[in-house]
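Here's the structure, in structure tokens; my notes come after.
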Amino acid sequence: MTKTTENEYKFTNMGEMSAAEVVGRLRSFLDSSGVTFEEKTRKSVDTYYDSDDLVLYRSDCSLRQKVSSNGKIKLTIKRPVSKDGGVMSREEIEIRSDGSLESVKSFCGQYFPDLRIGDIPVVSVENERYAFNYTDGSGIMLSLDSCEYVSGERRTRFYEIEIESMDDGVQRDFDSIGLCGFVKD
């Protein structure tokens, strides 16, 4: 089990550009800003569970099962710690899983003992993540998630840019290189 604090700033929906166009623009932006980085790509399917009355969602929490393209399955609970100036800090608790619904319910019960999650997921998200890990020692990762929500027959495509640090004591100016301006352009 790992337990960390995730600090992130999110921008959602990049209009009608393709993922390749957005990734190209991000690379150019980081290069022109003098940021050195290593780039990685991965695919996953994230399945979210909640109670019938969406207690987790309404309290800014989440319970996710992530199946990565390499076959690894992880369960994650995220709970809010603070929100300051658009930067959300959340406690993130993660374990490996066998993928069974019973393991999801057992994990949930450890942290939300009074919550009864449904047998049917609330939503699934098919995700391709393009991660740019800063190599300057700051522990910052910039990522583009090319996602598709899947709920029954309904499918919705969107992009999400996250600036993230797993440093528990982080007090960073996430926009020190002008990313807010990049996203608005």
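Residue count for the stretch 18-33, restricted to those that are closer than 16 Å to TYR134 by Cα and without any contact (Cβ under 8 Å) to a residue 12 or more places away in the chain: 3.
Only one of the numbered conditions (1) in a strand (DSSP E or B); (2) buried (at least 17 other Cβ atoms within 10 Å of the Cβ); (3) more than 13 Å from the chain's Cα centre (by Cα) is not met by LEU56, and that is (1).
Candidates in the stretch 147-157 are the residues that are more than 13 Å from the chain's Cα centre (by Cα) and assigned to a strand (DSSP E or B); of these, the one that is modelled with the highest pLDDT is GLU148.
Comparison of LEU54, LEU30, LEU63, LEU26 shows that the only residue that is under 17 Å from ILE95 (Cβ atoms) and of a type outside the set (Val, Ile, Thr) is LEU63. Has the stretch 105-126 got any residue that is acidic (Asp, Glu) and within 30 Å of ALA20 (Cβ to Cβ)? Yes, the conditions are met somewhere in the stretch 105-126.
On the basis of being assigned to a loop (DSSP other than H, G, I, E, B), modelled with pLDDT under 95 and in contact with an Asp or Glu (Cβ under 9 Å, 6 or more places away or on another chain), does VAL81 make the cut? Here the answer is no, as VAL81 does not meet what is asked.
One residue stands out among those in the stretch 84-96 that are acidic (Asp, Glu) and buried (at least 16 other Cβ atoms within 10 Å of the Cβ): the one that is modelled with the highest pLDDT, which is GLU94.
The values are calculated or read from the model by the stated rules, or taken from the named source; none is laboratory data. Just so we're clear, the structure is a prediction, and the values are computed from it rather than from any experiment. So basically every Cβ, Gly included, is an ideal-geometry build from the backbone, and we count neighbours across all protein chains shown.
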